[in-house]
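Asks: So that we are looking at the same thing, I have put the structure below in C-alpha cells.
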Amino acid sequence: MTSSIAPELPPRYVPDGSIGSGGFSDVLFCTDIHLDRKVAVKTIKDLSEVARLKDEVSALMKLRSKHVVQVFDIVEGSGDSFAIVMEFIDGVDLFNLEYKNLDSIALLKLLWQIASGITDIHAANVIHRDIKPNNMKLDGEGIVKIFDFGLARNVGKDAKTVGFKGTVGFSAPEQFTLDEVYFTSAIDAYAFGATALYLATQDLPTELKGSFPPQPIPSNSFECDLLKPYPQLIKLFEQCLLHDPKARPTMSKVRDEIAKYLLFDKHQALAVINGQPHIINKDRRSAKLGLGKIGSFELSYNGLNFSLNNVAGEVYVNNMHVTGDIEIPSACVVGIGAAHRHYTERSFVTFDVSNPEVAL
Ligand SMILES: Nc1ncnc2c1ncn2[C@@H]1O[C@H](COP(=O)(O)OP(=O)(O)OP(=O)(O)O)[C@@H](O)[C@H]1O
C-alpha cells in the first residue's frame, strides 16, 4: 500500500507549496526561517523504502564536496517516518538543461565538475550507483551538484546487489543481474561515460538505452563537434564504457585529464639543478639540462604535459632508468649519473609543477 509518510516538520521549516517528485520520494521545498535560506526536504512515498532514505543520509553524512548536495538536518517522526533536510539546489538538472548554446569548453567544465564530484564520493569510500544527468543540477553560480544517493553503498562487502537497481542507459553491465553480485566504484565510471555521451550528443545509442543489459557502443558514438578537438578525451570516455570494470579509468584520472585541457598552457614548472632554477611554461617551452657526458635531457611543455625528450646517457626519473621520451609526473626527482658513481659524477633535478585551479 502506498501512503505519503512525511514526518511533521519543526516549525522552522516552512513549506513554500512546491514539491519535486521522484520514483520513490517527494521533495518539499521549504524556507528555514532560522537561517533564512531555502532547503529541500526529502521524504519517502512508501514506508517500505525507509531503508533507502536512511542509506541516502548515511552516504551523504560521509561526504563533503563542492559538487555534492549537503545535508543540513534530519527529522524523525512517529514510527519509521523520516526526512532529510538538504541544501536547496537552485537550478536545472542536466537532463533538462538547454544545450543549444553549449560550447566545447562549457561542456568540459560540466564534465570536469561531475568527475570531481564522483572523485570526492569515491574518496569517501562511497559508490553512488545512480549517476545520470537527472541526478545532477547546475546551480545559479554555474556549480554542478550531484544528489539522489538513495542507491549508494559503501565500497567493500556492502557493495552487492541481487536484481537490477539503477537506470537503464547509465548502468554498467555488471548491475544487470538476477544473482547476488558484488560491484565496485567502476560502475560510477561507466555511468560517467554514459553521462558524458548524453551531454555531448543529447542522446544515447540504442546499445545503451535500448538494451538490457547494455551492449558495447559503436566506435563513432562520441563523434561530435563539441568533442572533436579532444580525441584523447574521447578515448578516455570510451574506456569508461568498457564492459570489463577493471579496464575503466578511475574518476580521479578522468578529472585530472579533463583539467589538463581546461588549463591548456596555464601550467608552470620549476626545475632546480645545482641550485639553479629553470622555469618552463608557455613562454619558455623547454630547457636543456645535463651533467657533462654522463647524462642529459630536454624538459619540454606542450600545453598539457611535461616530458623528457632527447634523453642521452644515465638519466633516472624517481630512480627508474629512462631510455626514451617520457611524460613525467608533476612532482619528481630526475637523477643524472648511475648510483655506483662518485657523488661528484651525479646530479639531481627537483621538478615541480604549480597547480593552477580550473576556473568555472
Ligand atoms: N536538494 C535539492 N534541491 C532541489 N531540487 C531537488 C533536490 N533534491 C531533489 N530535488 C528534486 O526533487 C525531485 C526528486 O528528487 P530525487 O531524484 O532525489 O528523488 P528520487 O525519488 O530518488 O528519484 P528517482 O526516481 O530518480 O529515484 C527531482 O525533480 C529533483 O530534481
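Asks: What ³J(HN,Hα) values, in whole Hz, does the Karplus curve 6.51 cos²θ - 1.76 cosθ + 1.60 give for region 73-83 when θ = phi - 60°, with x put for Gly and Pro?
Replies: 6, 10, 10, 10, x, 6, x, 9, 5, 7, 8
Asks: Follow-up question, since we're still on this one. Where only protein heavy atoms count, and the probe is 1.4 Å, what is the accessible area per residue for the chain in Å²?
Replies: For the chain, the solvent-accessible area averages 49 Å² per residue.
Asks: Let me ask something else. Please give the net charge around His34, taking every other residue with its beta carbon less than 11 angstrom from that of His34, where Lys and Arg add +1 and Asp and Glu add -1.
Replies: Charge balance in the 11 Å sphere: -1.
Asks: When the accessible area of the chain is split by element with a 1.4 Å probe, what percent falls to carbon and sulfur?
Replies: Its accessible area is 51 percent carbon and sulfur atoms.
Asks: Which ³J(HN,Hα) values, rounded to whole Hz and listed in residue order, are derived for region 30-44 from phi using the Karplus coefficients 6.51, -1.76 and 1.60 in 6.51 cos²θ - 1.76 cosθ + 1.60 with θ = phi - 60°, glycine and proline given as x?
Replies: Karplus values, whole Hz, x for Gly and Pro: 9, 9, 7, 6, 5, 10, 6, 8, 7, 10, 10, 10, 9, 10, 9.
Asks: Between the alpha-carbon centers of region 255-286 and region 115-163, tell me the distance in whole angstrom.
Replies: After rounding, the separation between the Cα centres reads 33 Å.
Asks: Can you work out the Karplus-derived ³J(HN,Hα) for every residue in region 288-295? Use 6.51 cos²θ - 1.76 cosθ + 1.60 with θ = phi - 60°, whole Hz, and x for glycine or proline.
Replies: 9, 10, x, 9, x, 8, 6, x
Asks: Could I ask something else about it? To the nearest 500 deg cm²/dmol, what mean residue ellipticity at 222 nm is calculated for the chain from DSSP H runs of n ≥ 4 alone, each contributing -39,500 (n - 2.57), summed and divided by the residues?
Replies: On the way: 6 runs with 74 residues, N = 360.
Using -39500 (n - 2.57) per qualifying helix, the result is -6500 deg cm²/dmol.
Asks: Provide the net charge surrounding Asn281, with neighbours chosen by a C-beta distance below 12 Å and charges set as Lys +1, Arg +1, Asp -1, Glu -1.
Replies: Here the count lands on +2.
Asks: I would also like to ask the following. Amide H of Ile326 versus every other amide H placed in the peptide plane: which residues, excluding those fewer than 5 positions away on the same chain, fall under 5 Å?
Replies: For Ile326, whose amide H was placed from the backbone, the distant partners under 5 Å are Leu308.
Asks: Give the cross-link partners of Lys282 among the aspartates and glutamates, using a straight C-alpha distance below 14 Å as the criterion and excluding same-chain residues fewer than 8 apart.
Replies: List returned: Asp265.
Asks: Now, a different point. For Ile5, which sequence-distant residues (separation of 5 or more, or a different chain) have an amide H within less than 5 Å of its own amide H, given hydrogens modelled in the peptide plane?
Replies: Answer set, sorted by chain and number: Ile44.
Asks: How far is helix 251-262 tilted, in degrees, relative to the longest principal axis of the Cα atoms in the chain, given as a value from 0 to 90 rounded to the nearest 10?
Replies: Tilt of helix 251-262: around 70 degrees.
The values are calculated or read from the model by the stated rules, or taken from the named source; none is laboratory data. Worth saying up front: this structure is predicted, and the values here are computed from it rather than measured. In this analysis, Cβ positions are derived from the backbone assuming ideal geometry, glycine residues included, and neighbour counts consider all displayed protein chains. Heads up: the accessible areas ignore ligands, DNA and RNA and are worked out on the full protein's heavy atoms, side chains in. Shrake-Rupley method; radii C 1.70, N 1.55, O 1.52, S 1.80 Å.
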